[in-house]
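The values are calculated or read from the model by the stated rules, or taken from the named source; none is laboratory data. All values reported here derive from a predicted model rather than from experimental measurement. Using ideal geometry, Cβ is built from the backbone for each residue, glycine included, and neighbour counts are taken over all protein chains shown.
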Amino acid sequence: RYVAKNVVAAGLADRFEVQLAYAIGVADPVSISFETFGTEHVDEEVIEGLIRRHFNLTPAGIIERLDLRRPIYRKTAAYGHFGRRGGDDFPWERTDLAATLAADAGLPAPAAVPSH
């Protein structure tokens, strides 16, 4: 979700779905596949390169980036984990890499990227 939200917020695509595949004993994903549903604004090879360059998708990298050792899970026990608005600060809802992705892709900086 975090990757997809940042890709869309950066203007790389209007819709984005990402799938990661892992193998036992291998920290990096063995596959990164995604679907833009024909809404991409840059080549899909560029999007894949940006994902690989800017997101540490190892389990340790995800835990660190999303601060998953912080005990926030009680908030997620009711009404789900995704798409919530308001005061809850769920790291996977942030779009903090959108401006970096847009700049690296040669796109204009996204205007006031909402975090939710």
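Return the residues of segment 18-36 that are aromatic (F, W, Y) and within 16 Å of the chain's Cα centre (by Cα); say none if nothing qualifies. Hit for segment 18-36 is F34, nothing else. Scanning segment 1-10 for residues that are part of a loop (DSSP other than H, G, I, E, B) and either of a type in the set (A, V, I, L, M) or touching a Pro at 6+ places or on another chain (Cβ under 6 Å) (or both) yields a single hit, A10.
Cβ-Cβ contacts under 9 Å between residues 6 or more apart (or on different chains), taken from a first residue in segment 44-68 that is touching a residue at least 24 places away in the same chain (Cβ under 8 Å) to a second residue that is small (G, A, S) and part of a helix (DSSP H, G or I), are listed as V46/A105; I47/A105; L50/A105; F55/G61. Each residue in segment 19-65 was checked for being assigned to a loop (DSSP other than H, G, I, E, B) and either of a type outside the set (V, I, T) or over 22 Å from A103 (Cα atoms) (or both), and 17 of them qualify. Of all residues in segment 90-105, those satisfying the criterion of being out of contact with any Leu (no Cβ under 8 Å at 6 or more places or on another chain) and either within 15 Å of I51 (Cα to Cα) or at pLDDT below 75 (or both) are T95, D96, L97, A98, A99, T100, A103.
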